[in-house]
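Report on the structure given below.
Read the figures in this text as sums done on the coordinates, not as results from a lab. Quick caveat, the model's predicted, so the values are computed rather than measured. Glycine also receives a Cβ, built like all others from the backbone with ideal geometry; neighbour counts cover every protein chain displayed.
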């Protein structure tokens, strides 16, 4: 087995996020007209992206994408990471490349050529801090197996796959290629289910991927119940036990459950003075957990780091840490 030089390499959508506050009435109106679902992610086309952007209030623009946010959080803890994801050679694409490299994250995916622009996610945050995402995937879903950097994957302890990217066959092949490279090198492969609507669209393919390639699974309550078509969480947890080495199920303010080798451990959520925006909570929980895991911590300590990272990110607007997460490690390691 070759030496690892990276802790985690993430494979996922390369997007630019636009976050703005919105009222519940705004969401309800767009639900009736366009099928927008509060608290969920809806895929939109380029025309809808332009129209919605024009109707949003003043917003915060920043590089995003679920697994890109996770690897940014991982780097904030002090971890050495890499990212594989597709942007176009346009203004937003150049912003994304600059941002991720500024975090000392390895990134060398060739940009897409042609007329398809860099993807973007328009995020509406309601007064209850719920985020409603409207995503134009653009260039990100053009990622294919040829874009998977074998050297980067085999040099990482864990390859982390983003469920949101699972909407295109080429992306599915990219996942399989990355998993194959990782396992041939004796590494671990992790998957985040990303969204219950995403799970419902691809349940059978997700189950096949998990059974064939996944060692570590991240999900929230709704996602894990959707995956196993169970109405109660204990039944879903029973179903996942044995399918993967480690399963991490987040439960918002109820904390998280970690399963491994038939054993369960519950980890409480970290207290937060005010929940401002839940965007990125799951992404940052995964960042903390993966940092702990790749640094040799046990599963409960790793989940504790996940809870700390999630608490930091929901205390402000935006999906990435504002406080360096390495500063929050005291007393955990």
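Sort 29-40, 137-148, 100-111 for me by packing, meaning the mean count of neighbouring Cβ atoms within 10 Å per residue, highest on top.
Peptide ranking by packing, descending: 137-148, 100-111, 29-40.
Please label the shape of the stretch 6-328 as rounded, prolate or oblate, based on the square roots a ≥ b ≥ c of the eigenvalues of the alpha-carbon gyration tensor (a/c under 1.5 means rounded; beyond that, a/b larger than b/c means prolate, else oblate).
The shape class here is rounded.
Once you've got the GNM for the chain with C-alpha springs shorter than 10 Å, pick whichever of 162, 176, 312 has the biggest mean-square fluctuation.
It is 176.
First check a/c for the stretch 9-75, with a ≥ b ≥ c the square roots of the eigenvalues of its C-alpha gyration tensor; if it is under 1.5, answer rounded, and if not, answer prolate when a/b is larger than b/c or oblate otherwise.
prolate
Mind giving me the nanometre distance, one decimal, between the label points for residue 261 and residue 95, set 7 Å out from Cα along Cα→Cβ?
Going from the residue 261 label point to the residue 95 one covers 4.7 nm.
How high is the relative contact order of the stretch 158-256, given as a whole-number percent (alpha carbon pairs under 8 Å, six or more residues apart)?
25 percent
Label the stretch 268-328 by shape, choosing from rounded, prolate and oblate, from the square roots a ≥ b ≥ c of the eigenvalues of the Cα gyration tensor; if a/c is under 1.5 it is rounded, and otherwise prolate applies when a/b is larger than b/c, oblate when it is not.
In terms of gyration-tensor shape, prolate.
Assuming a viscosity of 1.567 mPa s and a temperature of 4 °C, what translational diffusion coefficient in µm² per second does Stokes-Einstein assign to the stretch 6-165, Rh being the Kirkwood radius over Cα pairs?
80 µm²/s
Among 13, 134, 149, which one shows the biggest mean-square fluctuation in a GNM of the chain, springs joining Cα atoms closer than 10 Å?
The residue that fluctuates most here is 149.
Given 25 °C and 0.890 mPa s, compute D for the stretch 101-218 with the Stokes-Einstein relation, Rh being the Kirkwood radius over Cα pairs; round to the nearest whole µm²/s.
The estimated diffusion coefficient comes to 157 µm²/s.
Report, to one decimal in Å, the Kirkwood hydrodynamic radius for the stretch 200-256 based on all distinct Cα pairs.
11.5 Å
Using a Förster distance of 30 angstrom, determine the FRET efficiency expected from the C-beta separation of residue 31 and residue 205, and round it to 0.05.
0.60
For each of 289, 26, count neighbouring Cβ atoms within 10 Å of the residue's Cβ, then give the residues from fewest to most.
In increasing order of surrounding Cβ atoms, one gets 26, 289.
If you build the convex hull over the alpha carbons only and average its shadow over all orientations, what do you get for the stretch 170-272? Give it in nm² to one decimal.
7.1 nm²
Roughly what would the spin-label model give for residue 40 and residue 108, points 7 Å off Cα along C-beta, in nm?
So the label points at residue 40 and residue 108 sit 4.1 nm apart.
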